[in-house]
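Structure, as structure tokens:
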Amino acid sequence: MAYDFSAMCESGQTLYYNITSSTEPYTAEVTYQMHSGEYFYYTTPMAGNLVIPSSVTDGNRTYSVTSIDDWAFAGCNELVSVTISNSVTSIGEYAFPYCHELESVIISNSVTSIGEGTFYDCDNLTSVTIGSSVTSIGRGAFEDCESLTSVTIPNSVTSIGGGAFSGCRSLTSVTIPNSVTSIGDYAFSYCIGLTSITIPSSITEIGSSTFDGCRSLTSVTIPNSVTSIGDGAFYGCRGLTSVTIANSVTSIGVGAFSSCNGLTSVAIPNSVTSIGGSVFSDCSGLTSITIPSSITEIGSEAFFRCDGLTAVYYTGDIAGWCRIMFDDWDSNPLYYANNLYINNSLVTDLIIPETVTEIK
């Protein structure tokens, strides 16, 4: 037996509880009924509309329900809706995964954290109300919730875990509030319906593969607070036609914009000193690139198969261009572009002085 006592809730289901405090104030958490090997389950399937109560009575003692245990309702396929009461402050890891009929969730204002994988693979979930006290959304919390079309992240949230909304294929727009200071890797990867995203000025780093595979995303403005764009951050965002990179960015990771074949022109700001490998590889629609005089190195295959390039604009002089270290022939955009513009003037003549003994 995995629980201390059971009681029927107002929505008609029998819930199971662990006592978390046997001294005043008495508290309990909602838990699963049985545990067998790797499985956590109810012998009688939970169904319909579930309301997690704020308190529960066992014998002559009343307990405040303050949490939902890890795996408490895993695989409860017949649940349609869940309402979490105002006494609950935390929802455990994988509390409701694989609830394939679950359509709506209301998370009360008392909840401060949503655990890792809480609603993982709830593929019919269309509506989520996140309470105004939630500060963290855990890794993979809503991963593969394919029917989720919109989500409002409250101003209380400071962190969004890795893969939190990964695979939410129906999600079309997300507004991230200014309270959020960190977004984990893969947080919105493969949200193929996502057309717009607002990145707040509180964000300092865009992690690896954060928007990987968001093929409907059309434009992105990276705010002045961001200093680094991670590996594969926008990989495969083939609908992306414009990107504005702020002057605060100092590093652009490997493959950050790879396979963004809708991009036509990109200006790299003066704050960037190196460009990662494959950063624009397979950007077949790219026709021009602006490279600042601050660049000292461009990584391997940075412009691999960018065969639509016709112009490279460099903000320095010929000497500065010659000092750039190109890791291979595909790291030099001139391999495809042919035309180099120095301060907007096309280079047509090149005089190599007699003092030069080697050209690399």
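Give me the one-decimal nm value for the distance between modelled label points at T244 and E101, 7 Å along each residue's Cα-to-Cβ direction.
4.9 nm
How much of the DSSP beta bridge set in the range 204-360 is antiparallel, as a percent to the nearest 5?
10 percent
Would you kindly state the longest site-free stretch of the chain, with sites defined as GluC sites (Glu not before Pro) in a DSSP loop (not H, G, I, E, B) surrounded by at most 13 other Cβ atoms within 10 Å?
39-353
With both bridge residues required to lie in the chain, what share of the DSSP beta bridges run antiparallel, to the nearest 5%?
Within the chain, antiparallel bridges account for around 25 percent of the total.
I'm checking a number: the convex hull volume of the Cα atoms of the range 224-301, normalised per residue, in Å³. What is it?
69 Å³
Just the ratio, please: alpha-carbon radius of gyration of the chain over 2.2 N^0.38 Å, N its number of residues.
Dividing the Cα Rg of the chain by 2.2 N^0.38 Å gives 1.28.
Efficiency by 1/(1 + (r/R0)^6): what FRET value for T158 and L346, r their Cβ-Cβ distance, R0 = 56 Å, to the nearest 0.05?
Using R0 = 56 Å, I get an efficiency of 0.70.
Ratio of alpha-carbon Rg to the 2.2 N^0.38 Å globular estimate for the range 201-244, to two decimals, please.
1.09
Would you mind getting me the FRET efficiency between T227 and C322? Use the beta-carbon distance for r and R0 = 30 Å, nearest 0.05.
Efficiency, from the Cβ-Cβ distance: 0.60.
Rounded to two decimals, what is Rg over Rh for the range 204-360 when you use alpha-carbon atoms and the Kirkwood radius?
0.98
So how many Å³ per residue does the convex hull of the Cα atoms of the range 146-244 work out to?
69 Å³
Just so you know, all these numbers are worked out from the coordinates, no wet-lab data involved. Keep in mind that this is a model prediction, so the values were computed, not measured. Cβ: placed from backbone, ideal geometry, glycine included. Neighbour counts: every protein chain shown.
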